[in-house]
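Got a structure for you, written out below as structure tokens; questions coming shortly.
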Amino acid sequence: MSGLELGQVSIRRAGAASPLFPALSLEVHAGEILTIMGPSGIGKSTLIDFIGGHLDAGFDASGKVILNGVDVTGRPAEARGIGILFQDAVLFPHLSVGDNLAFALDRRIAGRFERRKAVEDALASAGLRGFYERDPATLSGGQRARAALMRTLLAAPRALLLDEPFAKLDPELRQEIRSFVFEHVRIRDIPVLMVTHDPSDAEAAGGRSLAL
Amino acid sequence: MTRAGGRWLRGLVLAVVMLGLVLPIAAGLWETLAAAFGHLPAIGETGASLDPWRRLLDLPGVVTSVKLTLWTGLASTAIALLLALGAAGWAHRRFGPRALGRVLTPFLAVPHAALAIGLAFVIMPSGWIARAISPWATGWDLPPDLAIVNDPAGLALILGLVIKELPFFLLVTLAALAQIPVGSQMRAGRAIGYPPAQVWAFVIVPQVYAQIRLPVYVVLSFALSVVDMAIILGPSNPPVLAVAMTRWFLAPDSGLILPASAAAMTQALIVVGAIALWRGAEALIAVAGRAILRQGRRRHAWAGAARASAGIAATLFVLGLLSLAALTVWSIAWRWSFPDMWPETLSLHSWARPGAGWGLAVLNTAVIGFATTALALVLAVAWLEGEDRGGLARARWAEALVYLPLIVPQVAFLFGLQVVFLRLGVSGGIGAVIWAQALFVFPYVMIALSDPWRALDRRLLRAAAALGAGPARRLFAVKLPILLRPLLTAAAIGFAVSVAQYLPTLFMGAGRVPTLTTEAVTLSSGSDRRVTGTYATLQSALPFLAYAAAFFIPAWVFRHRRALSGEPG
């Protein structure tokens, strides 16, 4: 099947008696945005880390992550093809905005000219035309968020995780970025899993939502 | 998979550290120990006997040497530490840690020998201070016959050590302060009626000290074992033990090697004993401090103590700067009669002839410095990357391994290491010097790099991994470029440590690898201050250039990257 599947995922802090949340199984279909709700501190970000392959050594986890029918649980993060959009943009500070995107761009796009064009197109579609040489530290919050999404998408992920991606944005900006993100994500036809504590995020996503 | 790769990398690094670093030190200690008990087949001595110890005790002045070692080592460390803690209490609210760090870091670059030579130029009877107050205040028309430098009580040596170690203690104190919520604790303490200096002494200092204890032991061990500075400033007859035993080791009479080895073991015991004594004093001060604290007395006298230490510290900085200036002025002086403050005629005579010796010394120093720094940096990066990939925290024993070469006194194992190197047939060349220096360069590079490496925002690495970048790409395209500044700073520190090395160069080079440091120390006992000044100026200029490069290169590379340019943005 095509989609992202979790099978009996359970995570404990090393040495802790009980898991962070009851064992979790779910399926996200391609083109669907599934929202997981829960108060802060319950382990939503830890779940995202587990799915993406970024879990710290201080956790014990069990369960399976299956992507498009393939078990990727044993793979390192870079070999899973699972993109993440973080709460902060986490742009690389030593690279220009354009090179941040070029760093991410799928290897299958070959040729210096083609790669440059792909990055310029992505910048343009994010309202960042002419920003290639800009220092990421000089971007506004909204520009940074849009650049981060473009960077994530250029890697051609087969699934996307959104880790409270709008929590740190101003209310008026949040509306704009949210629709920008969902618009770009939907046309990709990949499974998207979002964790948030904000019910309005789930509402805007419009898909299924479940509580952790 | 990655995790296994990390374990593999860490295992490899550990093997290199064990074979290249721990084994030589252990073998060196073992050979020295064997020689101390009369076993050294290389000079035809075999068997275990107490004879070397008997002969050591019969050597003239040995008891005085031990006393002088303890006195100068303990006094200089205690004075420098107290001044640093007091001065930091005064300074930390007035200047940002960044500004202080920038002022202090160049002082770390100055090699001990250069500072010692410059200080001698300033305080000796014909030095700048005597000139400044003569003849109007003293009536001296000729330099007086006073033993200010090389005084029998070791005061000049203590002064030199304090000037050199004070900036180091201030820097580690500042680094420790960054881990403590000083502002809120200060507010809490003042709200219950304590003046700031007292809150500093009773609340902040104990927390700082707990963090800087290891560097304090390193300095103590160093001050007890220092050779170059003690030759230049210390008592001459008898000298401190480390100097005495270096003379015995290098004496033409090979019969002195066995008692010298016994002295090297004594030196190791002195360091262990002094650290134990220091720990005892720590405990006593903690008990006394708590007893005083329970009395709840609010006293304003502490403010005076903090101000006084800041004042003394500032004076010592000025003295240090004067010392460096004295080196350069002497190197270009031609006629300079007492009591003039400035030479009558200047000349570039000693600068104009690199072929006379300093050209080769600069070359050797630079080559050895670059090689040891490169080795140390690669090893440190491999170590830290191995920890990252394996998801491993630094074990306590690994931390101890890093500090080992800094705590064990150099003199205690260098002779034995020379014996080992001779047996392996690698002694007397530049390679042996590089290896021996790397033992001391690696720990400093590792210590300097560890904190910035771990402070790197891990989310950047997750973001890179989520974009499909594997471990190698994460290392070379994300970590190393972002960490360019700390990498270059660690390299500059390593280079400065290498340039300053005296004993390893002397022993392992078998006197055939002249560097700026070995030449400057040898020349310092001679009479030509112009040549000495030239060598010592070069000796402090090289590390200073390295620090300057570590500052300006990242600033230029990241001139369009506000988050990394080092400017507040």
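Somewhere in region B:79-92, is a residue surrounded by fewer than 18 Cβ atoms within 10 Å (Cβ to Cβ) and not assigned by TED's automatic domain parsing to the domain that holds B:Tyr547?
Within region B:79-92, one or more residues are surrounded by fewer than 18 Cβ atoms within 10 Å (Cβ to Cβ) and not assigned by TED's automatic domain parsing to the domain that holds B:Tyr547.
Has region A:83-102 got any residue that is under 18 Å from B:Ile482 (Cβ atoms), acidic (Asp, Glu) and assigned to a loop (DSSP other than H, G, I, E, B)?
The first filter runs over region A:83-102 and keeps only residues under 18 Å from B:Ile482 (Cβ atoms), leaving A:86, A:88-102.
This time we only want the ones that are acidic (Asp, Glu), so: A:88, A:99.
Now narrow it down to the ones that are assigned to a loop (DSSP other than H, G, I, E, B): A:88.
Yes - at least one qualifying residue is present in region A:83-102.
Right, here's the next one. Could you check region A:19-71 and list, in sequence order, the residues that are over 15 Å from A:Ile84 (Cα atoms) and among the aromatic types (Phe, Trp, Tyr)?
A:Phe21, A:Phe59
Let me confirm something: among B:Ala147, B:Ala120, B:Ala153, which residue is at pLDDT 90 or above, assigned to a loop (DSSP other than H, G, I, E, B) and either over 22 Å from B:Ala306 (Cα atoms) or aromatic (Phe, Trp, Tyr) (or both)?
Going through B:Ala147, B:Ala120, B:Ala153 in turn, just one is at pLDDT 90 or above, assigned to a loop (DSSP other than H, G, I, E, B) and either over 22 Å from B:Ala306 (Cα atoms) or aromatic (Phe, Trp, Tyr) (or both): B:Ala153.
Taking the options B:Val445, B:Val426, name whichever one is assigned by TED's automatic domain parsing to the domain that holds B:Ala490, at pLDDT 90 or above, under 21 Å from B:Val378 (Cβ atoms) and of a type outside the set (Gly, Ala, Ser).
Residue meeting the stated conditions: B:Val445.
Just the residues that are in a helix (DSSP H, G or I), closer than 18 Å to B:Arg94 by Cα and of a type outside the set (S, T, N, Q), please, taken from region B:194-203.
Across region B:194-203, the qualifying residues are B:Pro196, B:Ala197, B:Val199, B:Trp200, B:Ala201.
At least 2 residues that are over 25 Å from B:Phe495 (Cα atoms) in each: list the helices (runs of 4 or more DSSP H) lying fully within region B:1-117 that qualify.
B:2-17, B:23-36, B:51-58, B:62-91
I need the full set of residues from region A:124-137 which are away from chain B (no Cβ under 14 Å) and hydroxyl-bearing (Ser, Thr, Tyr), in order please.
A:Ser125
Collect the residues in region A:71-82 that are facing another protein chain (nearest Cβ under 7 Å) and in a helix (DSSP H, G or I), keeping them in residue-number order.
Matches in region A:71-82: A:Ala77, A:Glu78.
Please enumerate the residues belonging to region B:380-402 that are of a type outside the set (A, V, I, L, M) and part of a loop (DSSP other than H, G, I, E, B).
Initial filter on region B:380-402 (of a type outside the set (A, V, I, L, M)): B:383, B:385-391, B:394, B:396-397, B:399.
B:Gly391, B:Arg394 - these are the residues of region B:380-402 that are of a type outside the set (A, V, I, L, M) and part of a loop (DSSP other than H, G, I, E, B).
Could you say which residue among B:Pro471, B:Pro481 is in contact with a Ser or Thr (Cβ under 8 Å, 6 or more places away or on another chain) and either of a type in the set (Asp, Glu) or within 15 Å of B:Glu385 (Cα to Cα) (or both)?
Only one candidate qualifies: B:Pro471.
Pick from region A:15-33 the residues that are in contact (Cβ under 8 Å) with a residue 40 or more places away in the chain and assigned to a strand (DSSP E or B): which of them is nearest to A:Ala61 (Cα to Cα)?
A:Leu24
A further question follows. Does B:Ala156 satisfy being surrounded by fewer than 21 Cβ atoms within 10 Å (Cβ to Cβ) and of a type in the set (A, V, I, L, M, F, W, C)?
no
Does B:Leu348 qualify as being touching a helix residue (DSSP H, G or I) at 6+ places or on another chain (Cβ under 7 Å), surrounded by fewer than 20 Cβ atoms within 10 Å (Cβ to Cβ), modelled with pLDDT of 85 or more and outside any helix (DSSP H, G or I)?
So B:Leu348 fits the description; yes.
Can you pull out the residues in region A:55-70 that are at the interface with chain B (Cβ under 8 Å from one of its Cβ atoms) and modelled with pLDDT of 90 or more?
none
Taking region B:511-565, which residues are within 14 Å of chain A (Cβ to nearest Cβ) and either in a loop (DSSP other than H, G, I, E, B) or in contact with a Pro (Cβ under 6 Å, 6 or more places away or on another chain) (or both)?
Within region B:511-565, B:Phe558, B:Arg559, B:His560, B:Arg561, B:Arg562, B:Ala563, B:Leu564, B:Ser565 qualify.
Across region A:34-51, which residue is nearest to A:Lys64 (Cα to Cα) among those that are of a type outside the set (S, T, N, Q) and part of a loop (DSSP other than H, G, I, E, B)?
That would be A:Gly43.
Just one of A:Thr152, A:Thr138 is without any contact (Cβ under 8 Å) to a residue 12 or more places away in the chain and among the β-branched types (Val, Ile, Thr); which is it? Before you say what the answer is, go through the steps one by one.
Details: A:Thr152 fails: without any contact (Cβ under 8 Å) to a residue 12 or more places away in the chain.
Among A:Thr152, A:Thr138, only A:Thr138 is without any contact (Cβ under 8 Å) to a residue 12 or more places away in the chain and among the β-branched types (Val, Ile, Thr).
Additional query: Let me spell it out: the conditions are (1) surrounded by fewer than 18 Cβ atoms within 10 Å (Cβ to Cβ); (2) within 13 Å of chain B (Cβ to nearest Cβ); (3) more than 24 Å from B:Gly470 (Cα to Cα); (4) acidic (Asp, Glu), and A:Asp121 meets all of them except one. Which number is the exception?
Of everything listed in (1) surrounded by fewer than 18 Cβ atoms within 10 Å (Cβ to Cβ); (2) within 13 Å of chain B (Cβ to nearest Cβ); (3) more than 24 Å from B:Gly470 (Cα to Cα); (4) acidic (Asp, Glu), A:Asp121 misses just condition (2).
Restricting attention to region B:443-470, report how many residues are assigned to a helix (DSSP H, G or I) and at the interface with another protein chain (Cβ under 8 Å from one of its Cβ atoms).
7
While we're looking at this one, here's another question. If a residue must be of a type outside the set (Ser, Thr, Tyr), more than 13 Å from B:Leu319 (Cβ to Cβ) and not in a helix (DSSP H, G or I), how many such residues does region B:125-140 contain? Walk me through how you get there before you give the answer.
First pass over region B:125-140, keeping only residues of a type outside the set (Ser, Thr, Tyr): B:125, B:127-133, B:135-137, B:139-140.
Subsequent filtering for residues that are more than 13 Å from B:Leu319 (Cβ to Cβ) retains B:125, B:130-131, B:133, B:135-137, B:139-140.
Remaining after also requiring not in a helix (DSSP H, G or I): B:125, B:133, B:135-137, B:139-140.
The number of residues fulfilling the criteria is 7.
Take B:Ala286 and decide whether it is in a helix (DSSP H, G or I) and either surrounded by 12 or more Cβ atoms within 10 Å (Cβ to Cβ) or of a type in the set (Lys, Arg) (or both).
The answer is yes for B:Ala286.
Out of B:Pro239, B:Pro206, B:Pro259, report the one residue that is in a helix (DSSP H, G or I), of a type outside the set (A, V, I, L, M, F, W, C) and surrounded by 21 or more Cβ atoms within 10 Å (Cβ to Cβ). Spell out how you get there, then give the answer.
On the way: B:Pro239 fails: in a helix (DSSP H, G or I); B:Pro206 fails: surrounded by 21 or more Cβ atoms within 10 Å (Cβ to Cβ).
Answer to the check: B:Pro259.
Further question on the same structure: Just give me the residues in region A:180-199 being within 15 Å of the chain's Cα centre (by Cα) and not in a strand (DSSP E or B), in sequence order.
A:Phe180, A:Val181, A:Phe182, A:Glu183, A:His184, A:Val185, A:Arg186, A:Arg188, A:Asp189, A:Ile190, A:Pro191
Tell me whether region B:165-180 contains one or more residues that are without any contact (Cβ under 8 Å) to a residue 40 or more places away in the chain, hydroxyl-bearing (Ser, Thr, Tyr) and either in contact with a Ser or Thr (Cβ under 6 Å, 6 or more places away or on another chain) or in the same structural domain as B:Val149 (by TED's automatic domain parsing) (or both).
No; the residues of region B:165-180 include none that is without any contact (Cβ under 8 Å) to a residue 40 or more places away in the chain, hydroxyl-bearing (Ser, Thr, Tyr) and either in contact with a Ser or Thr (Cβ under 6 Å, 6 or more places away or on another chain) or in the same structural domain as B:Val149 (by TED's automatic domain parsing) (or both).
The values are calculated or read from the model by the stated rules, or taken from the named source; none is laboratory data. Keep in mind the model is a prediction, meaning the values are calculated, not measured. Positions of Cβ are backbone-derived with ideal geometry, glycine not excepted, and every protein chain shown enters the neighbour counts.
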